Amino acid sequence: MKSRFAIIAAVAVSSGLLAAQEQKPVPKDSVRVSIPGCTKGYIFTAGRRTADQPGSVDIPEGMHLRMNGPKKMMTEIKAHEGSMIEITGLMKKGQYGPDGVGIGGGVRITPGQTSTGGSMPGVTMTRQIVIDVEGWRQAVGECPSR
């Protein structure tokens, strides 16, 4: 009788672990991405992709992303600050594409500020790119030191 209970308990625990590993469905306006890079606080800086860690989307090296996630996970990520990690999460479609028109050699022409008609300078609006972090793992490589 005890062995039957142990088997039932083991099956229940293992099925619970499998359910916990399933990823939630991706909303239609979002995409799941995996990006190698480094963190500082809640800011993730995309790193150079290597042949063995290509990432899943074309985020340029050096792009900054604002990370959102459960407090426990963010604490774990913060403990690895200064080490190369790879994060996986959801981003809204289209928010990570570069602004402007590429003319080659890494140069882009972007829209400038509009004239306000007065002596006050125009307000520069920068896009804050956000990723909802679902998971992370240690990656090979080193973060650049400042």
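The values are calculated or read from the model by the stated rules, or taken from the named source; none is laboratory data. What you are looking at is a predicted structure, and each value in this text was computed from that prediction instead of being measured. Methodologically, a virtual Cβ is constructed for each residue, glycine included, from the backbone with ideal geometry; neighbour enumeration extends over all protein chains shown.
Residue pairs whose Cβ atoms lie under 6 Å apart, separated by 6 or more positions or on different chains, with the first residue in segment 77-88 and farther than 8 Å from CYS143 by Cβ and the second hydroxyl-bearing (Ser, Thr, Tyr), are ILE77/THR39; GLU81/THR39; GLU86/SER34; THR88/SER34.
Yes/no per residue for (1) assigned to a helix (DSSP H, G or I); (2) modelled with pLDDT of 90 or more; (3) surrounded by 12 or more Cβ atoms within 10 Å (Cβ to Cβ):
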position	(1), (2), (3)
SER14	yes, no, no
LYS24	no, no, no
PHE44	no, yes, yes
PRO54	no, no, no
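Could you check, for segment 31-38, whether at least one of its residues is at pLDDT below 95, within 14 Å of the chain's Cα centre (by Cα), surrounded by fewer than 16 Cβ atoms within 10 Å (Cβ to Cβ) and more than 16 Å from ASP132 (Cβ to Cβ)? No; the residues of segment 31-38 include none that is at pLDDT below 95, within 14 Å of the chain's Cα centre (by Cα), surrounded by fewer than 16 Cβ atoms within 10 Å (Cβ to Cβ) and more than 16 Å from ASP132 (Cβ to Cβ).
Is one or more of the residues making up segment 62-77 surrounded by 11 or more Cβ atoms within 10 Å (Cβ to Cβ), modelled with pLDDT under 90 and assigned to a loop (DSSP other than H, G, I, E, B)? Among the residues of segment 62-77, at least one is surrounded by 11 or more Cβ atoms within 10 Å (Cβ to Cβ), modelled with pLDDT under 90 and assigned to a loop (DSSP other than H, G, I, E, B), which makes the answer yes. All conditions but one from (1) part of a loop (DSSP other than H, G, I, E, B); (2) surrounded by fewer than 12 Cβ atoms within 10 Å (Cβ to Cβ); (3) at pLDDT below 60 apply to LYS28; the one that does not is (3).
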